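Heads up, the thing below is written out as structure tokens.
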Amino acid sequence: MWRGVPLANTVAETLAGSNSQRTAGGYGDATVNSTLYPRSSNVRQLLRSLGIDFLGLDVQSIEDERLPTWQVMAVESPWLRYLNRGIFPDGTSFGSENFPFRTGVGYGSIVGDDSDYTMGWDLYGKFHQWQQPSLFPYFALETAVGQERAYSDGIVPYWSAAIPGSFKPFPYDHAQLIKERPVVNQVLYWLNSASLPSGEELRPKWEETAEAPKARDDLRKRWTFPAGSMAPYPQSGLYEMRDIDEGTNKRYVARFLPDTIHESSRLVVVPEKTGLKRLTVRFPAKVRINFLGLYIVDLNGSDEA
């Protein structure tokens, strides 16, 4: 994991509680369809039931310091911003010549593309599906519908795990990656290889396109990173570093961008009698659309943008 885990942003947004401006009790109170997931009625309960949020601790506040995992791993967290770009929360820089890779050190990354990590589910897809409606529908971007290879290992997205220019994908989920023999063999090979790319070779490639091997004969997935962003486009417009107390104490965490959490921010596809489909897009008031990308997935044919 290099660029962050969106599920960690979910935990931060849930713990933020009343600081959220979009729902009465915060994103954690967003409704979950109990018919689809009987164990929970809201996002906070959903996270607890999945065991991925509070690590068994009775945590009620975003300020709890017993949870370094969700604090550090969130996309655009102050810690990842520093480790990747040498930039502190106040915008000052430590110097970027050795970020994110050091000169003379070899780097390689292992990527999992089996997303059935949590009870056989693609958690990003299910998390989006279980909310009715989804207040944050963008997890669908991390879900490869109907494809042989997934866009995450169930926790870490492909685009976060891969180092452009030096990565190796494997058909395993997040838990399998640390114990499957082919992965161990690859790591041993890298540790004994003088050809492993070094930091000075990889730094210029860091913001280049990350590309997955073909999932089918007609498809090759690509993620393009805007300059200075931890996430690829369009995910780069979803997450941000924010002050815990909305500007009071300057303690930062990474959450969702406020305007992305809104019940009316959703897409509705309506089949027409002619065989065509009409797409209705609803956004919050005062939102200006600069670009709308539509990716059509036909499970029986090819994909097209």
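In terms of solvent-accessible area of protein heavy atoms at a 1.4 angstrom probe, what is the ranking of W2, W70, highest value first?
Listed by decreasing accessible area, they come as W2, W70.
If you count only protein heavy atoms and use a 1.4 Å probe, how large is the accessible surface of H128, to the nearest 10 Å²?
60 Å²
Given the whole protein assembly as supplied and a 1.4 Å probe, what does the accessible area of K205 come to in Å², nearest 10?
Result for K205: roughly 80 Å² accessible.
On the accessible surface of the stretch 111-174, probed at 1.4 Å, how many percent belong to carbon and sulfur atoms? Numbers along the way, then the final one.
Numbers: 1020 of 2050 Å².
Carbon plus sulfur share of accessible area: 50 percent.
Kindly report, to the nearest 10 Å², the accessible surface of D116 as traced by a 1.4 Å probe over protein heavy atoms only.
It works out to around 80 Å².
Apply the Karplus curve 6.51 cos²θ - 1.76 cosθ + 1.60, θ = phi - 60°, to the phi angles in the stretch 81-92 and return the couplings in whole Hz, x for Gly and Pro.
With the stated coefficients, the stretch 81-92 comes to 4, 5, 5, 8, 10, x, 10, 7, x, 7, x, 6 Hz.
The values are calculated or read from the model by the stated rules, or taken from the named source; none is laboratory data. Values in this document were obtained by computation on a predicted structure and should not be read as measured data. Remember, those area values only see protein heavy atoms, side chains included, never the ligands or the DNA or RNA. Shrake-Rupley method; radii C 1.70, N 1.55, O 1.52, S 1.80 Å.
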